Every structure is written in C-alpha cells, then in structure tokens.
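Structure, as structure tokens:
The values are calculated or read from the model by the stated rules, or taken from the named source; none is laboratory data. Please read all numbers here as calculations on a predicted model, not as lab measurements. Ideal geometry is used to build each Cβ from the backbone, glycine not excepted, and the neighbour counts take in all protein chains shown. Quick note on the areas: whole protein, heavy atoms, side chains included, nothing else; ligands and nucleic acids left out. Shrake-Rupley method; radii C 1.70, N 1.55, O 1.52, S 1.80 Å.
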Amino acid sequence: MKVDIIKEDTDILVFRLTDITISLANALRRIMLSDIPNIAIDDVIIHKNTTVMCDEIIAHRLGLIPLKYNGDYNELKNLHALSIRLTCTCNDMHINTVYSNKLNIQDSRCELLSGDIPIVKMIKGQELDIELFTSTGTHNDHSKWSYVTSCYYKILSENQVEFFVESVGCYSPREILKRAFIELKEKVKQMHYD
C-alpha cells in the first residue's frame with residue numbers, strides 16, 4: 001500500500017491510497033471516524049450551582065467541550081481520570097457569560113481546544129463550583145469523544161482511493177491517519193481464524 005499526501009492543512013488532510021482494496025479502505029475510514037481513543041469530560045460533580053441553568057444541562061455542555069491529550073498514545077487507553085475545576089462567582093451588575101477558558105485544567109497532558117465555548121450565563125450573586133474528571137472513550141461510545149468532523153473517500157479505480165479527513169483539532173489529520181493504521185493493525189491481530 002502506498003500513501004500520497006495531496007493536500008495538508010492544520011485540520012484537513014487529503015491523501016491517496018494505492019494498492020488497497022475497497023473493503024480495507026472502508027475499514028480504515030470507519031476506524032478514523034469512531035475507533036481512535038480520546039479524552040473528554042465524563043464525570044461532573046457540582047458542589048454549588050446557584051445559576052438558573054439545571055445541573056444536568058451544565059454537565060452536558062461541559063462534556064462536549066473538546067479536549068486534547070498531549071501524553072503518550074499507548075498510555076491513553078488505560079489513563080486514569082484527569083482533574084479539572086470550574087469555580088466562578090458573579091459580583092457584577094451585568095449578565096456575565098462563563099466561557100470554557102475558565103476551566104482550570106490541573107494536568108499538563110490535557111489541553112483545552114477552545115476557550116470561547118459558552119457554558120452558562122450568571123448574574124450578581126450567582127456561583128458555580130464544579131469538579132470535573134476526564135475519561136477515555138471512542139466516538140462509538142459517545143460523540144463527546146469524537147475527533148473527526150468529516151472523513152470520506154472516493155474510489156478512483158479498483159485499487160486506488162482518495163481520502164478527505166477533517167479534524168476537530170484534538171489530533172492533526174496526519175496523526176489520525178497514523179493512529180487509524182495502529183488500530184487497524186491491532187484489530188487484525190485480534191482476529192480469530194477457525
């Protein structure tokens with residue numbers, strides 16, 4: 001199998017695979033879409049919430065904030081929870097929006113992808129005190145572990161396909177391709193023949 005990079009940006013990769021069967025190309029696409037492990041906020045402990053928004057809605061919003069794991073990929077599958085804290089008090093007369101940049105990530109291996117994601121609006125006297133923990137999962141488990149926005153291919157010939165991969169930003173598209181090959185290799189090793 002031969003890989004030719006056609007176009008590469010920060011979040012987009014277009015590449016051509018030659019000497020590959022269509023079924024193998026589809027397996028690679030499915031792995032890139034849903035089988036690569038990632039971290040996300042999974043457990044939320046709300047110690048104090050005096051805002052008008054329900055605890056469950058805040059927890060759901062927090063779970064969908066994209067995170068990036070900067071540690072070793074092999075360590076990711078057995079990673080214990082990483083701790084994050086959100087503590088806010090509104091002392092202002094104006095309505096204030098709490099954004100994701102207020103998350104206090106306490107482990108250097110975990111990085112926030114965007115600080116511009118609104119979580120909740122607060123008015124004077126309202127408080128939030130939330131403890132958050134990450135866990136490892138795949139898009140097969142829940143969309144909060146997703147790392148790809150788009151992944152498809154077009155068939156150029158019987159043994160040649162052209163892929164388009166767009167990343168959320170957790171991993172570069174090249175890293176997604178590399179990890180997909182690792183996962184595919186692991187799946188082949190686990191196959192049982194009768």
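Mind listing whichever residues of segment 143-194 are at pLDDT below 90, open to solvent by less than 70 Å² (accessible area, probe 1.4 Å), of a type outside the set (G, A, S) and not in a helix (DSSP H, G or I)?
Within segment 143-194, Y147, V168, C170, Y171 meet the criteria.
Looking at segment 56-91 only, could you name the residues that are touching a residue at least 24 places away in the same chain (Cβ under 8 Å), open to solvent by 80 Å² or more (accessible area, probe 1.4 Å) and charged (D, E, K, R)?
R61, K77 - these are the residues of segment 56-91 that are touching a residue at least 24 places away in the same chain (Cβ under 8 Å), open to solvent by 80 Å² or more (accessible area, probe 1.4 Å) and charged (D, E, K, R).
Take the residues in segment 10-50 that are under 17 Å from the mean Cα position of the chain (by Cα) and of a type in the set (V, I, T); name whichever of them is farthest from G125 (Cα to Cα).
Here the answer is I31.
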